[in-house]
Amino acid sequence: MTVSDCDRIRQLQDLVARLRDPVDGCPWDIQQTFASIAPYTIEEAYEVLEAIEQGDMDALRDELGDLLLQVLFHAQMAEEQGSFDLNDVMGALADKLIRRHPHVFGDESQRLADEHQVRQAWEAQKARERLQRAGTEIPPSALKGVARSLPGLTRSLKLQRRAAQVGFDWVDVDQVWDKIQEELAELRKEIDRPERDDRRLRHELGDVLFAVVNLGRKLGLDAEIAMREANDRFQRRFEMMEVLLREQGKEPQALSLSQWLELWRAAKQQLGEL
């Protein structure tokens with residue numbers, strides 16, 4: 001069946017609706033809810049990110065399709081319960097894009113000079129929208145709307161950026177560095193306590209991580225991306241260590257810490273990452 005470009009969305013809507021048909025649909029798809037599908041939505045977004053990081057355009061095309069399916073599926077379930085449909089989703093998005101880009105869709109007086117001004121105008125418009133949604137003259141918290149479901153480091157960064165927009169921020173990198181040292185000292189103090197308190201240890205460890213995210217922000221770096229890259233480096237080097245161990249005919253459980261560290265250095269050298 002040949003489908004013109006303008007009919008693609010309609011075709012996909014019909015396919016998803018058929019999957020959800022209570023009589024002739026797929027038993028698995030019929031049983032799904034917003035909550036049961038949500039983890040897949042998050043997973044697909046991360047798979048899009050992985051394709052981008054790998055520079056794999058074929059994979060990116062496929063993963064974007066999978067992510068689009070998530071949007072269509074949620075919209076179909078909402079339509080079934082009479083809340084909204086895909087047309088409402090697209091209409092709301094179109095309105096939002098126009099509303100948040102007056103420098104593009106407005107008159108010449110609203111033109112903005114650079115990316116910094118665009119970001120400031122974007123955040124100001126989002127703040128006005130939060131106030132409007134609140135339906136009160138009391139402004140909602142500057143932190144309202146930062147999703148709790150975000151990865152921890154990403155949420156920390158967004159919270160810090162929101163706080164900085166209203167003036168709650170360190171002046172420079174040195175102040176953040178000092179804060180990290182302070183938080184590390186407090187963590188060390190908890191570690192050294194005669195009686196271990198996991199709740200307090202977790203508290204102090206979280207403060208250290210939050211401060212490190214702040215340092216990255218002040219340096220113009222995203223801690224979530226830095227962490228992902230660190231994870232990839234660790235996995236790459238560890239897998240190389242496993243290769244070297246097999247070549248040496250050694251079992252990993254038999255190695256001492258000093259041998260592991262020597263092997264780690266060898267793996268880095270083998271990968272050209274010294």
Qualifying residues in the range 204-234 (those that are among the small types (Gly, Ala, Ser) and exposed (fewer than 15 other Cβ atoms within 10 Å of the Cβ)) - the one nearest to Lys189 (Cα to Cα): Gly206
Only one residue in His116, His101 is surrounded by 15 or more Cβ atoms within 10 Å (Cβ to Cβ) and either free of Cβ contacts under 8 Å to residues at least 24 places away in the same chain or more than 29 Å from Ala142 (Cβ to Cβ) (or both), so which one is that? His101
Return the residue satisfying two criteria in turn: it lies in the range 216-274 and is over 21 Å from Gly152 (Cα atoms) and not in a helix (DSSP H, G or I), and of such residues it is modelled with the lowest pLDDT. Leu274
Any idea which residue in the range 141-158 is modelled with the highest pLDDT, counting only those that are aliphatic (A, V, I, L, M) and more than 10 Å from the chain's Cα centre (by Cα)? Leu157
With the requirement that a residue be hydrophobic (A, V, I, L, M, F, W, C) and either touching a Ser or Thr at 6+ places or on another chain (Cβ under 7 Å) or under 30 Å from Glu229 (Cα atoms) (or both), what does the range 52-76 give you? Ile52, Met57, Ala59, Leu60, Leu64, Leu67, Leu68, Leu69, Val71
Tell me the helices (runs of 4 or more DSSP H) entirely within the range 1-70 that contain at least 3 residues that are surrounded by 13 or more Cβ atoms within 10 Å (Cβ to Cβ). 8-19, 34-54
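The values are calculated or read from the model by the stated rules, or taken from the named source; none is laboratory data. All figures in this text were calculated on a predicted structure; none of them were measured in a lab. FYI the Cβ positions are ideal-geometry reconstructions off the backbone, even for glycines, and counts take in every protein chain you see.
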